[in-house]
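Participant: Got a structure for you, questions after.
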Amino acid sequence: MTINWKKSAIVLTDIALAVYLVLAITAFNSPDESDNICREVNIYVEDGSVKGFLDQEEIKTLLQRSRCYPIGDQMSHVDVRNIEEQLQKNPFVKQAQCYKTQTGHINIKIDQRLPVIRVKADNGDDYYVDEHGNIMPNTHFASNLVIATGNIQQKYAQKVLKDIGCYLLKTPLWGCQVEQLNVLGDGSIEMVPRVGDHIVYLGNPSNLERKLSRLEKFYKYGLSKAGWNKYSYINVEFDNQIICKKRKN
């Protein structure tokens, strides 16, 4: 068997050149972390239909308290997995993603849990409920969310009030008009509006969209002419009727 040394040499040269190019490209694309210092941390906080409680300064503070804020550290010593784990310990963080760049930057993206209603129950409970029914602790942040008061257990808040909060937030009129919901002992609900000195009785929490649609028409064609403060109590519990109690002079 005759070996074509010339052809074999060409093949080996091509292979060596290909390996060299792969290693060169890999080395070029991989940052040299040995002498690279973290110079900047970019924090991105995603908001949905509701502004959440976290912002860039709050995330920075969380990392500083955990002693893993990476500014000034060597990139080779920055543990992005640890940063993610520390952030996800926070009850307001749904998901955290962290990665390095070739220019000595650390990028952090935060998806946060978004509250839809605040609960201040008669039993002393004070918390938020997010769009998935998760309980979120009270916080020092101010919020324009609807406040639910009264006889509220956590299961009721997670199943019933969560759905009501989501509906109110996606409906511009009621998201602005509803200030407070008061849960009575039998689970029925009263609503306190922002405009108008009256209480709206919604009854049990079923068919909420239909009840509020009927109330909207009453606002438009009734109270706008009779006056917003003419009635002290408006009952929309029953289909096809609205029962009003006049205010005493």
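Participant: Quick one: P(r) of segment 171-218 from all Cα-Cα pairs, 10 Å bins, percents rounded to integers, in order of increasing distance.
Facilitator: 25, 62, 13
Participant: If you bin the C-alpha pair distances of segment 117-205 every 5 Å from 0, what whole percents do you get?
Facilitator: With a bin width of 5 Å, the distribution comes to 3, 15, 27, 28, 20, 7, 1.
Participant: Taking the Cα centre of segment 56-169 as origin and charging only Cβ (+1 Lys, Arg; -1 Asp, Glu), how large is the dipole, in debye to the nearest 20? Let's see the in-between values first.
Facilitator: Numbers: 14 positive and 13 negative charges, 21 e Å.
Computed charge dipole of segment 56-169: roughly 100 debye.
Participant: Follow-up question, since we're still on this one. Suppose the Debye formula is applied to equal point scatterers at every Cα of segment 155-249; what is log10 I(q)/I(0) at q = 0.11, 0.16, 0.17, 0.18 Å⁻¹?
Facilitator: Reported log10 I(q)/I(0), two decimals: -0.30, -0.64, -0.72, -0.81.
Participant: Check ARG113: other-chain or 5+ apart residues with amide H under 5 Å from its amide H, H built from backbone geometry?
Facilitator: Result for ARG113 returns VAL93, LYS94.
Participant: Using a 1.4 Å probe over the heavy atoms of the protein chains, calculate the carbon and sulfur portion of the accessible area of segment 97-249 as a whole percent. It would help to have the intermediate numbers written out before the result.
Facilitator: Numbers: 3910 of 8140 Å².
Carbon and sulfur together cover 48 percent of it.
Participant: Would you work out the relative contact order for segment 103-249, in percent, from Cα pairs under 8 angstrom that are 6 or more residues apart? Intermediate results must be reported in sequence, preceding the final value.
Facilitator: Details: 238 pairs, mean separation 21.6, N = 147.
Relative contact order comes out at 15 percent.
Participant: At a Förster radius of 25 Å, what calculated FRET efficiency corresponds to the Cβ-Cβ distance of LYS225 and THR149, to the nearest 0.05?
Facilitator: Values: r = 32 Å, r/R0 = 1.26.
Rounded to the nearest 0.05, the efficiency is 0.20.
Participant: What's the center-to-center distance, using Cα atoms, between segment 53-113 and segment 171-249 in Å?
Facilitator: Cα centroid to Cα centroid, the span is 45 Å.
Participant: Based on Cβ point charges of +1 for Lys and Arg and -1 for Asp and Glu, what charge dipole magnitude is obtained for segment 127-203 about its Cα centre, in debye rounded to the nearest 20? Each step should come with its number before you reach the end.
Facilitator: Working: 5 positive and 7 negative charges, 34 e Å.
So the magnitude is around 160 debye.
Participant: Return the subset of LYS170/LYS211; LYS170/LYS225; LYS211/LYS245; LYS94/LYS162; LYS89/LYS162 for which the Cα-Cα distance in this structure is over 20 Å, preserving the input order. Write out the running numbers ahead of the final one.
Facilitator: Numbers: LYS170/LYS211 16 Å; LYS170/LYS225 28 Å; LYS211/LYS245 18 Å; LYS94/LYS162 17 Å; LYS89/LYS162 23 Å.
Cα-Cα > 20 Å for LYS170/LYS225; LYS89/LYS162; rest within.
Participant: On to the next question. For segment 114-213, with every protein chain kept in place, what is the accessible area per residue (1.4 Å probe, Å²)?
Facilitator: On the way: 4680 Å² over 100 residues.
In whole numbers, segment 114-213 has 47 Å² accessible per residue.
Participant: I've got another one for you. For segment 91-249, what does the equivalent ellipsoid look like in terms of its semi-axes, each the square root of 5 times an eigenvalue of the Cα gyration tensor, given largest first in whole Å? Spell out each step's value before the answer.
Facilitator: Working: eigenvalues 273, 61, 36 Å².
Values for segment 91-249, descending: 37, 18, 13 Å.
The values are calculated or read from the model by the stated rules, or taken from the named source; none is laboratory data. Since this is a predicted model, take the numbers as computed values, not measurements. No Cβ is skipped: glycine too gets one built from the backbone with ideal geometry, and neighbour counts run over all protein chains shown. Keep in mind that these areas ignore ligands, DNA and RNA; they rest on the heavy atoms of the full protein, side chains included. Shrake-Rupley method; radii C 1.70, N 1.55, O 1.52, S 1.80 Å.
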